[in-house]
Ligand code: ADP
Ligand code: MG
């Protein structure tokens, strides 16, 4: 579904992604880990073309992301993204945050969009907050709204960039539970996270990045028991 082939990316002279080869199949959950600055966010952001690649090929559903003829809006409809800092519209209610894109981009009626939004708010367990403003919610609740907002576009792929890193510890579980449920339903997911419990339970593969390179790809049981790469060992010893 997502194929990186010899992808490189530069910011000026600085090479942020180096020879990335990575294939993510439909229904797979891939967890990306690695030190700060290793290129994890950039890797994710290239998938929905928030960043462009410098060379190589990157395809989503066999469509090249960097091809000038590619309809980027269509591509983005297929891909939901959840960020570390939620990115909700502060002056819109929870419900409005979720219905905005489906009405604008998918052309749903107000009524239809609300119905779908409520379905996803129920799914993430906060239907009762539909008319609240984001500032009236806890961080964990805001992140669950952000996930519901992504799902309301009915995407084929969900990208998560450190979705629990900004949360107080007691709120991490409620967000991971929503993500686990999504994974068990067969959603294709690429998740940057250092939450090992989550990775062990639902990841099909761990991708370890360092300095712009993928140094190791392994199933979680193998990776966490004994990573092959020295830098991965060192990294794990620091975060665990
Ligand atoms: P990670 O998510 O693993 O922490 P990032 O993908 O955010 O890593 O960043 C990788 C590297 O690219 C970092 O050294 C960062 O400073 C650099 N970088 C990220 N965005 C930009 C940008 N817009 N311009 C220049 N350098 C950037
Ligand atoms: Mg990052």
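Each reported figure results from applying straightforward, stated rules to the coordinates on display, with no laboratory input. Everything quoted here is computed from the prediction, not taken from an experiment. Cβ placement follows ideal geometry from the backbone for every residue including glycine, while neighbour counts extend to all protein chains displayed.
Please determine, by comparing only the residues of region 59-77 that are over 18 Å from the mean Cα position of the chain (by Cα) and in a loop (DSSP other than H, G, I, E, B), which one is nearest to ligand 1 (Cβ to nearest atom).
Residue satisfying both the conditions and the ranking: 66.
From the list 233, 180, 228, pick out the single residue that is assigned to a loop (DSSP other than H, G, I, E, B), over 16 Å from residue 39 (Cβ atoms) and without any contact (Cβ under 8 Å) to a residue 24 or more places away in the chain.
Details: 233 fails: assigned to a loop (DSSP other than H, G, I, E, B); 180 fails: assigned to a loop (DSSP other than H, G, I, E, B).
So the residue among 233, 180, 228 that is assigned to a loop (DSSP other than H, G, I, E, B), over 16 Å from residue 39 (Cβ atoms) and without any contact (Cβ under 8 Å) to a residue 24 or more places away in the chain is 228.
The conditions are (1) within 16 Å of ligand 1 (Cβ to nearest atom); (2) over 20 Å from the mean Cα position of the chain (by Cα), and residue 83 fails exactly one of them. Which is it?
Evaluating residue 83 over (1) within 16 Å of ligand 1 (Cβ to nearest atom); (2) over 20 Å from the mean Cα position of the chain (by Cα) leaves (2) as the failure.
So is residue 209 buried (at least 20 other Cβ atoms within 10 Å of the Cβ), touching a residue at least 24 places away in the same chain (Cβ under 8 Å) and within 16 Å of ligand 1 (Cβ to nearest atom) or not? So that I can check it myself, show each step before the final result.
Details: buried (at least 20 other Cβ atoms within 10 Å of the Cβ): yes; touching a residue at least 24 places away in the same chain (Cβ under 8 Å): yes; within 16 Å of ligand 1 (Cβ to nearest atom): yes.
Taking the combined requirement at face value, the residue satisfies it.
Considering only residues that are within 15 Å of residue 219 (Cβ to Cβ) and not in a strand (DSSP E or B), look in region 16-41 and name the one that is nearest to ligand 1 (Cβ to nearest atom).
28
If you go through region 89-108 one residue at a time, do you hit one that is within 16 Å of ligand 2 (Cβ to nearest atom) and buried (at least 16 other Cβ atoms within 10 Å of the Cβ)?
At the first step, the residues of region 89-108 found to be within 16 Å of ligand 2 (Cβ to nearest atom) are none.
So far as region 89-108 goes, no, none of its residues is within 16 Å of ligand 2 (Cβ to nearest atom) and buried (at least 16 other Cβ atoms within 10 Å of the Cβ).
Would you check which residues across region 42-58 are in a loop (DSSP other than H, G, I, E, B), within 16 Å of ligand 2 (Cβ to nearest atom) and without any contact (Cβ under 8 Å) to a residue 60 or more places away in the chain and list them? Working first, answer last.
We begin by selecting, within region 42-58, every residue in a loop (DSSP other than H, G, I, E, B); these are 48-54.
From what is left, the residues that are within 16 Å of ligand 2 (Cβ to nearest atom) are 48, 50-51.
Across region 42-58, the qualifying residues are 50, 51.
Restricting region 78-88 to residues that are closer than 19 Å to residue 156 by Cα and part of a loop (DSSP other than H, G, I, E, B), which is nearest to ligand 2 (Cβ to nearest atom)?
First, the residues of region 78-88 that are closer than 19 Å to residue 156 by Cα: 78-83.
When the remaining residues are screened for being part of a loop (DSSP other than H, G, I, E, B), the result is 78, 83.
Working: 78: 22, 83: 10 Å.
For region 78-88, the residue satisfying everything is 83.
Would region 165-175 turn up any residue that is within 18 Å of residue 142 (Cα to Cα), free of Cβ contacts under 8 Å to residues at least 40 places away in the same chain and touching a strand residue (DSSP E or B) at 6+ places or on another chain (Cβ under 8 Å)? Step through it out loud before you land on a result.
Let us first name the residues in region 165-175 that are within 18 Å of residue 142 (Cα to Cα), namely 165-175.
Pick out the ones that are also free of Cβ contacts under 8 Å to residues at least 40 places away in the same chain and you get 167-173, 175.
Those left that are additionally touching a strand residue (DSSP E or B) at 6+ places or on another chain (Cβ under 8 Å): none.
Checked against the condition, which is being within 18 Å of residue 142 (Cα to Cα), free of Cβ contacts under 8 Å to residues at least 40 places away in the same chain and touching a strand residue (DSSP E or B) at 6+ places or on another chain (Cβ under 8 Å), region 165-175 yields no hits at all.
Going by the structure shown, is residue 192 in contact with a strand residue (DSSP E or B) (Cβ under 8 Å, 6 or more places away or on another chain) and buried (at least 20 other Cβ atoms within 10 Å of the Cβ)? Before you say what the answer is, go through the steps one by one.
Values: in contact with a strand residue (DSSP E or B) (Cβ under 8 Å, 6 or more places away or on another chain): yes; buried (at least 20 other Cβ atoms within 10 Å of the Cβ): yes.
Answer is yes for this residue.
Would you point out the residue of region 195-206, among those that are touching a helix residue (DSSP H, G or I) at 6+ places or on another chain (Cβ under 7 Å) and in a helix (DSSP H, G or I), that is surrounded by the most Cβ atoms within 10 Å (Cβ to Cβ)?
Let us first name the residues in region 195-206 that are touching a helix residue (DSSP H, G or I) at 6+ places or on another chain (Cβ under 7 Å), namely 195-196, 198-203, 206.
Checking the rest, the ones that are also in a helix (DSSP H, G or I) come to 196, 198-202.
Values: 196: 18, 198: 25, 199: 21, 200: 15, 201: 14, 202: 19.
The extreme case among them is 198.
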